[in-house]
Amino acid sequence: MTDRLRNNLIAGLIVFAFWCIFVIPVMAADPIVTQSTSTSTVDNTTKTTTTVKTNPPSAISPSINASNSDLCVVGVSGAVQTQILGISSGLTVRDMNCERLKLSKLLFDLGMKVSAVSILCQDERVFRAMKMSGTPCPINGLIGEDAQAEWDLNPKLVPRAEAKPLNKGAWLEKFANGLIAVILMALLAR
C-alpha cells in the first residue's frame, strides 16, 4: 500500500468518526421545545373630558355692488353674530342729490340750460346761492328780475329743507330695529 492511499484511508476514517460522534447524534435528537403559559389581567379605567372651543359661525353682511357709477344709490349692510344667533341685513338708499345732478347734466347736454338750472334750484342750498349771486332761479319760464318778482309773490314755492314726520309704519320699523339691536348687544355683553 502506498503512502498516499494509506493517508487517504486515515483521513476518511477520521471524517467517518467525526460524523459518527458529532453530526449523526445531533441530527437524530429531538428538537428543543419550550412551552410557556402566561396569564395577565388588566383593569384600566380612564375618565376623559373634552372641551372644544371654536369661533361662532359668522353672520356675513350681504355685499351690495356699487361699482357702476351711473347708479344713484348707496348700499348699506351690516351683521351681528352671537354664540346663538346671527343676523345680517342690507339695503340701498336713494341719493336724491345724485339723481338731481344727473338729470340736470342730461338736460344741459340736450341744450335745455334753463331746465337744467331749474332742476338744481330744487335744492335749498342752490336756491340760496343763486339768489345771493344776483341770478335768481327760474320760475314759470321767467328768468332774472321777473323770476325774482315771481318768487316774492309765491314764497311757499321756495324750496325748504324740512324734517318729515315719521309715519306710524316707519316709526314701528325703526323701533323694532332699535329693540333688536339692544337685545343683540345684551347677548354680546354676556
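Starting from the Cα of K113, draw a straight line to each of the lysines and keep only those under 21 Å, dropping any in the same chain fewer than 8 residues away.
Those lysines meeting the cut-off are K102, K105, K131.
With the Cα gyration tensor of the range 96-157 in hand, convert its eigenvalues to equivalent ellipsoid semi-axes via √(5λ) and list them largest first in whole Å. Please report the intermediate quantities before stating the final value.
Values: eigenvalues 80, 33, 19 Å².
Output for the range 96-157: semi-axes of 20, 13, 10 Å.
Excluding N97 itself, what net charge comes from residues whose Cβ is under 12 Å from its Cβ, given Lys and Arg +1 and Asp and Glu -1? Each step should come with its number before you reach the end.
Numbers: positive: R94, R100, K102, R125; negative: D95, E99, D123, E124.
So the surrounding residues net to 0.
FYI, it's all coordinate maths here, none of it is from the lab. Since this is a predicted model, take the numbers as computed values, not measurements. A quick note on method: Cβ atoms are made from the backbone with ideal geometry, for glycine too, and the neighbour counts reach across all protein chains shown.
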